[in-house]
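Written below as C-alpha cells is the structure these notes are about.
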Amino acid sequence: MAERSFAAEVKQLRLGDGEIFHGEGILAVTKALLQAGVAYVGGYQGSPISHLMDVFADANTLMQELGVHFEASASEASAAAMLAASVNYPLRGAVAWKSVVGTNVASDALSNVASGGVTGGALVIVGEDYGEGSSIMQERSHAFAMKSQMWLLDPRPSHALIVDLVDKAFELSEASNTPVMLELRVRGCHQTGSFVARDNKRPPLTVGEAAENPTRDLSRIVLPPANFLHEVEKVERRWPAALRYVREQRLNEWFGAAEGEVGIIVQGGLFNTLNRALELLDLSDAYGNARLPVYVLNVTYPLIPEEVRDFCTGKRAVLVIEEGQPEFIEHELNTLVRRADLQTQVVGKAVLPRAGEYSGAVLKQGVVEFLRAWAPALAPAAASPPSPLPIAPSDVPQRPAGLCTGCPERPIFSAMKLVQKELGQFHVSADIGCHLFSILPPFHIGNTTMGYGLGTAGASAFKSRGKRAIAVMGDGGFWHNGLTSGIGNAVFNKDDTVTVIVDNGYSAATGGQDILSSRADNAVRRTKHPIEQAVRGIGAEWVKTLTRTYDVAKMRDTLREALTSKEAGPKVIIAQSECQLNRQRRVRPAMQKAIKSGQRVVRERFGVDPDTCTGDHSCIRLSGCPSLTIKPNPDPLRQDPIAHVDNSCVGCGVCGEVSHAAVLCPSFYKAEIVFNPNRWDRFRDRSRRWLIGAMQRRGERATAKRAF
C-alpha cells in the first residue's frame with residue numbers, strides 16, 4: 001500500500017501528440033520516459049522520488065502494453081545493476097533512487113557500467129535530497145559523477161524543459177556511450193505544471209527480444225586489459241562526444257541581457273530561486289527577463305569550455321551560484337577562465353554560504369554583496385535595518401521530528417526504556433527508518449546509525465561479556481540490506497547482540513510500499529514471506545516474533561529475556577504491528593463511508609480521568625504520543641497540570657499499556673464511541689447513565705451525612 005495512489009493521474013500518461021499534460025513533476029518524468037521509448041525502468045523508493053516509484057507501479061498496465069519492463073528493485077544496487085541491459089543492446093533504460101545514500105549503495109554497479117560504457121541510453125534519475133528538508137547527510141551527487149565520469153544534468157524547474165531533457169539525456173548517453181544522471185530536487189519533483197505531450201513510443205527492441213538474441217562484447221567487461229582501455233576511451237572519445245552533443249543541442253540556457261559588465265552562472269535547479277531573488281531586487285521579472293546576463297547550467301558536468309569562454313568574455317566578474325560544498329563548479333570555472341586567458345573574476349563562496357540550502361533570502365543577500373563589489377550601478381540602495389522581531393527565532397522551542405499518533409514503534413522504545421531502568425544503559429545501534437526518531441525526546445535511545453539495514457552490522461564490533469548491544473532495523477531495511485549484512489554477518493561471526501526488527505507490514509518510512517514480508521495481497525508482486533523464516537533460514541536460532549507491539553509488558557519481558565539469556569549467538573526479536581499511518585488511510589475512509597450509509601460503527605479512544613491524574617506526566621515521558629498533552633488541573637488544591645488525550649487519538653492503547661507496564665497511575669480509561677447506535681446500544685447507555693447517577697447520588701448523600 002503506497003503512501004499515495006496515482007491511479008487517476010496515470011491516465012494522463014496515455015495522452016497523445018499535441019495534447020496538454022498537466023500534473024506533478026514526477027508524473028511528467030514518467031510520461032517523458034514513455035515518449036522516449038524506454039525499454040525498462042526500475043529503482044528503489046526514497047525522498048524525494050518515492051512517488052516516482054509509486055507512479056511506475058500504478059502505470060504498470062500501460063507499461064506492459066508498450067512492452068516496457070518495470071522492476072521494483074530490492075535496493076539501489078539491484079536497480080543500478082539493471083543498467084547492464086544497456087551495455088550490449090540498444091535498449092533505453094532508466095532507474096531511480098534517493099541520493100546520495102542510494103547512489104552510495106549503487107556505487108559498485110555504477111562504477112562498472114560507467115567504465116565499460118553503454119550501447120543503449122542509460123539514465124539514472126537521482127532525487128537530490130539536499131537542504132533543510134533533508135533527512136540524510138548533506139552531500140551532493142556531483143562528486144560521484146566526476147569520480148566515475150557520468151554526465152550530470154540539473155534541469156531548470158520547468159516541466160517542458162525536464163521532459164525535453166529526459167529525451168536528450170538518452171541521446172547524450174547514446175552519443176557518448178556513457179550513463180547519464182538526471183538530478184531532481186524536491187521542488188522539481190512536486191511542482192505542478194504543463195507541457196505539450198507527444199505519443200508514447202514502444203521500444204524498438206524489448207528486453208525480452210534482446211534476451212532471445214544474446215550479444216557478447218568482451219571489450220565491455222571490466223577486466224584487464226579492457227579496464228585500462230576504458231579509461232583511455234573515456235578521455236579520448238566519450239568526453240569529446242559528450243561536449244560536442246551538449247554544445248550542439250544547446251542543453252544549457254541563457255537568460256537576461258545579452259551584454260553586461262557582470263553576469264551570473266547558476267545551477268539549473270536553482271534558477272527559479274535565483275530569479276525570485278532578482279525579482280525582489282527589481283533586476284528581473286517572473287519570466288526570467290533579467291537586467292544582467294544569466295548562464296543556466298542544465299548540464300553541471302561536464303562544463304562546456306567554449307560556452308564558459310563566450311559568456312565570461314568582456315565581463316569584470318561572474319557570480320557562480322553552486323549549492324553545497326566542495327565548490328566543484330567554481331573550481332572548474334576558474335580553471336576554464338584561466339585557460340581561456342580571461343581576466344574575469346569568478347566569485348562564489350566569497351559572498352555565498354559554503355554550506356546550507358540556497359533559499360531566496362540567501363541568494364538575494366549574496367547577489368547584493370556581489371553587485372556592490374563589482375557593479376554598484378545595479379546594486380540596490382542600502383536599506384534601513386529591519387525592526388527587531390517581537391520574538392527571536394531562538395526563543396521559539398524546537399519541534400523535533402517524531403513518531404505518528406498510534407505508531408506501533410512507540411511501545412517498542414517505551415519497553416526499552418523500562419528495561420534500561422532495570423538493567424542499566426545499553427549501546428543501541430540505530431538504523432534508517434521511522435524508528436530512528438527514537439534518538440530524539442522523549443526516548444533518547446540510539447548511539448549511532450550507519451545506513452539502511454546496517455543496524456545490526458553497526459553493533460557487530462561490541463563483544464562485551466557483560467552487556468549486550470542492541471540493534472534496531474525496520475522490515476524495509478531488513479530486506480534492503482539487513483538480512484545478509486546484519487543477521488547473516490552476526491550468525492557467521494557468532495555475535496552476541498540483540499536485534500529488534502520492526503515489522504510493520506510495509507516499507508513505511510519511504511511511503512508504505514509493499515515488500516516481501518507484507519501481509520497485503522499484491523496482484524503483481526509476491527508478498528507474505530515472513531521475516532522469521534528468512535532469519536531462521538540464514539542460521540539464527542534464538543528468534544521470537546511478537547504479533548502485537550502495543551503489549552508493552554510482553555515487549556519489555558522479551559527484551560529482558562534476550563538481554564539476559566545464557567544462550568550464545570545473536571538474538572532476534574521480530575516486533576509486528578501494522579503501520580498506523582497506512583492503517584488509518586485505509587480504515588478512516590471505510591469508517592466514514594459506513595457511518596454515512598447508516599451502519600453501526602464503533603470507534604475506540606482513550607482518555608485520562610482528571611480526578612485521578614496526579615500530574616506526574618510519566619506517561620508522556622515514556623510514550624511521547626502526539627495525542628498526549630496537558631491541561632489545567634480541575635482540583636484547585638493541585639498546582640500541576642494533568643495529562644490529557646486530545647481528539648487525534650486513534651485508540652491504539654499504548655498510553656494505558658505503558659502506564660500499566662511501568663506501574664504508574666490508573667487514570668487511563670478506554671471509551672467506545674458508537675455511531676448509528678442500535679436499540680441495544682441505546683438501552684445499555686440509558687442503563688449505565690441511570691446506574692452511575694444512582695451511585696453518585698448515594699455517594700453525595702453519604703458525604704452530606706458525614707458532614708453533619
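The table for this structure:
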item: Selection count where residues are in a helix (DSSP H, G or I), open to solvent by less than 60 Å² (accessible area, probe 1.4 Å) and not polar (S, T, N, Q), scope the range 643-662; result: 6
item: Failed item in (1) in contact with a Phe, Trp or Tyr (Cβ under 8 Å, 6 or more places away or on another chain); (2) more than 17 Å from TYR550 (Cα to Cα); (3) of a type in the set (A, V, I, L, M, F, W, C), with ALA643 passing the rest; result: (1)
item: The one condition in (1) open to solvent by 40 Å² or more (accessible area, probe 1.4 Å); (2) over 25 Å from GLY511 (Cα atoms) that TRP479 fails to fulfil; result: (2)
item: Output for the range 663-708, where each listed residue is in contact (Cβ under 8 Å) with a residue 60 or more places away in the chain and either open to solvent by 70 Å² or more (accessible area, probe 1.4 Å) or in a loop (DSSP other than H, G, I, E, B) (or both); result: TYR669, LYS670, GLU672, ASN676, PRO677, ASN678
item: Hits in the range 513-527 (condition: assigned to a loop (DSSP other than H, G, I, E, B) and in contact with a Gly (Cβ under 9 Å, 6 or more places away or on another chain)); result: ASP514, ILE515, SER517, SER518, ARG519, ALA520
item: Residue within the range 192-213 that is under 25 Å from the mean Cα position of the chain (by Cα) and aliphatic (A, V, I, L, M) present; result: no
item: Selected residue (only one of GLY615, GLY607, GLY598 is farther than 19 Å from LEU403 by Cα, modelled with pLDDT of 85 or more and open to solvent by less than 30 Å² (accessible area, probe 1.4 Å)); result: GLY607
item: Candidates VAL299, VAL320, VAL294, VAL266 - the one that is closer than 24 Å to SER86 by Cα, at pLDDT 95 or above and touching a strand residue (DSSP E or B) at 6+ places or on another chain (Cβ under 7 Å); result: VAL299
item: Conditions (1) over 25 Å from the mean Cα position of the chain (by Cα); (2) among the hydrophobic types (A, V, I, L, M, F, W, C); (3) not in a loop (DSSP other than H, G, I, E, B): number failed by VAL118; result: (3)
item: Set ILE573, ILE595: member being of a type in the set (Val, Ile, Thr) and more than 28 Å from the chain's Cα centre (by Cα); result: ILE595
item: Helices (runs of 4 or more DSSP H) wholly inside the range 216-317 containing at least 3 residues that are among the aliphatic types (A, V, I, L, M), touching a Gly at 6+ places or on another chain (Cβ under 9 Å) and buried (at least 17 other Cβ atoms within 10 Å of the Cβ); result: 271-280
item: Boolean, PHE56 is in contact with a helix residue (DSSP H, G or I) (Cβ under 7 Å, 6 or more places away or on another chain), surrounded by fewer than 24 Cβ atoms within 10 Å (Cβ to Cβ) and not hydroxyl-bearing (Ser, Thr, Tyr); result: no
item: ARG605, sole failed condition from (1) basic (Lys, Arg); (2) farther than 18 Å from PRO677 by Cα; (3) not in a helix (DSSP H, G or I); result: (2)
item: The listed residue being in a strand (DSSP E or B) and not charged (D, E, K, R), out of VAL502, VAL491; result: VAL502
item: Close pairs (9 angstrom Cβ cut-off, 6 or more residues apart or separate chains): at positive phi in the range 351-362, modelled with pLDDT under 90 and polar (S, T, N, Q) anywhere; result: GLY356/GLN138
item: Residues of the range 491-503 classified as open to solvent by 10 Å² or more (accessible area, probe 1.4 Å) and within 22 Å of ARG410 (Cα to Cα), total; result: 0
item: Residue satisfying all of: in the range 393-440; of a type in the set (D, E, K, R) and in a loop (DSSP other than H, G, I, E, B); most open to solvent (accessible area, probe 1.4 Å) among these; result: ARG399
item: Test: residue in the range 77-94 that is assigned to a helix (DSSP H, G or I), touching a residue at least 24 places away in the same chain (Cβ under 8 Å), open to solvent by 10 Å² or more (accessible area, probe 1.4 Å) and in contact with a strand residue (DSSP E or B) (Cβ under 6 Å, 6 or more places away or on another chain); result: yes
item: Residue list for the range 449-476, filter: surrounded by fewer than 24 Cβ atoms within 10 Å (Cβ to Cβ), assigned to a loop (DSSP other than H, G, I, E, B) and not hydrophobic (A, V, I, L, M, F, W, C); result: GLY451, SER460, LYS463, SER464, ARG465, GLY466, LYS467, ARG468
item: Among (1) open to solvent by 60 Å² or more (accessible area, probe 1.4 Å); (2) free of Cβ contacts under 8 Å to residues at least 40 places away in the same chain, the one test that VAL587 misses; result: (1)
item: Test set (1) without any contact (Cβ under 8 Å) to a residue 60 or more places away in the chain; (2) within 23 Å of the chain's Cα centre (by Cα); (3) farther than 22 Å from ILE432 by Cα - LEU516 fails condition number; result: (3)
item: Which numbered condition LEU403 fails, given (1) over 30 Å from THR545 (Cα atoms); (2) out of contact with any strand residue (DSSP E or B) (no Cβ under 8 Å at 6 or more places or on another chain); result: (1)
item: Test: residue in the range 111-123 that is surrounded by 18 or more Cβ atoms within 10 Å (Cβ to Cβ) and out of contact with any helix residue (DSSP H, G or I) (no Cβ under 8 Å at 6 or more places or on another chain); result: yes
item: Close pairs from the range 20-42: first open to solvent by 10 Å² or more (accessible area, probe 1.4 Å), partner of a type in the set (Val, Ile, Thr) and assigned to a helix (DSSP H, G or I), Cβ under 9 Å, at least 6 apart; result: GLU24/VAL55
item: Within the range 618-659, tally of residues that are basic (Lys, Arg), over 28 Å from ASN582 (Cβ atoms) and at pLDDT below 85; result: 1
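The values are calculated or read from the model by the stated rules, or taken from the named source; none is laboratory data. This structure is a prediction, so every number in the text was calculated from the model and none was measured. All Cβ positions, even for glycine, are placed from backbone atoms using ideal geometry, and neighbour counts span all protein chains on display. Areas reflect the complete protein model, heavy atoms only, side chains present, ligands, DNA and RNA absent. Shrake-Rupley method; radii C 1.70, N 1.55, O 1.52, S 1.80 Å.
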